[in-house]
1. Can T55 be described as surrounded by 13 or more Cβ atoms within 10 Å (Cβ to Cβ), modelled with pLDDT under 65 and not assigned by TED's automatic domain parsing to the domain that holds F16?
2. Please go through region 85-133 and give me each residue that is aliphatic (A, V, I, L, M) and either modelled with pLDDT of 75 or more or not in a loop (DSSP other than H, G, I, E, B) (or both), ordered by number.
3. For region 24-45, give me each residue that is under 24 Å from Y89 (Cβ atoms) and either at pLDDT 85 or above or surrounded by 14 or more Cβ atoms within 10 Å (Cβ to Cβ) (or both).
4. Could we say that E7 is at pLDDT below 60 and among the acidic types (D, E) here?
5. In region 134-163, what residues are of a type outside the set (A, V, I, L, M, F, W, C) and either at pLDDT below 90 or over 15 Å from T78 (Cα atoms) (or both)?
6. For a quick check of your reading of the model, give me the residue pairs whose first member lies in region 16-42 and is free of Cβ contacts under 8 Å to residues at least 40 places away in the same chain, whose second is hydroxyl-bearing (S, T, Y), with beta-carbon atoms closer than 7 Å and at least 6 apart or on different chains.
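The values are calculated or read from the model by the stated rules, or taken from the named source; none is laboratory data. As the structure is a prediction and not an experimental result, all values here were calculated from the model. When we count neighbours, we look across all protein chains shown, and the Cβ atoms used for this are built from the backbone with ideal geometry, even at glycine.
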Amino acid sequence: PYLIGTEMGFWSVSVFAANATMLAVTSRDFTGEGQHIDASMQRAMTLGIGNAMPTYDVEGHVLHRGEIFARGRGGVRTVFRCKDGYVFYIAAAAGTSMEAIRDLLTENGLGDEFDPRWLDPTLLRQQGVDKDRFEVLVEKFFLLHTRMELLEMSFSRTPPVFAVPT
């Protein structure tokens, strides 16, 4: 019930493969033993579509792009408009991705609008003014850039902020 774009799959599995490779190299440096890396495009894509099948199984409802989050049935919105389509973005890790998105917004002239309280992502999982303000700001930023610009921007970040084209 959910169509996955090939380009999104390619970039997602590439990120996971690169991460696994770096972990294997680090492990080799410590243990002296090599490792086998197996990256699956299908598995890499499950983060973005993990709710589609259970929703169909339980409710008999086929989800469409961003529907579960856009309609407020999920705690965190993940699909946002950008200059040439949509991106998948979720603030997943406390103290890492929220700081990275704050820095990215600051570098692009929107830092004054970022509320420091948003560094605690649990605040953004609750319905209310803070969540709404954050989503408006993030989409405002995404609308200034194309999907590829956002993806290329994310590769230079530490920790990375990935807005994946959908």
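1. Values: surrounded by 13 or more Cβ atoms within 10 Å (Cβ to Cβ): yes; modelled with pLDDT under 65: yes; not assigned by TED's automatic domain parsing to the domain that holds F16: no.
Answer is no for this residue.
2. Once the filter is applied, which keeps residues that are aliphatic (A, V, I, L, M) and either modelled with pLDDT of 75 or more or not in a loop (DSSP other than H, G, I, E, B) (or both), region 85-133 yields V87, M98, A100, I101, L104, L105, L110, L119, L123, L124, V129.
3. Filtering region 24-45 for residues under 24 Å from Y89 (Cβ atoms) gives 39-45.
Matches in region 24-45: A39, M41, A44, M45.
4. Working: at pLDDT below 60: no; among the acidic types (D, E): yes.
It is false that E7 is at pLDDT below 60 and among the acidic types (D, E).
5. Just the residues of region 134-163 that are of a type outside the set (A, V, I, L, M, F, W, C), to begin with: 135, 139-140, 145-147, 149, 152, 154, 156-160.
Result: E135, H145, T146, R147, E149, E152, S154, S156, R157, T158, P159, P160.
6. Listed pairs, sorted by first residue: Q35/S27; I37/T21.
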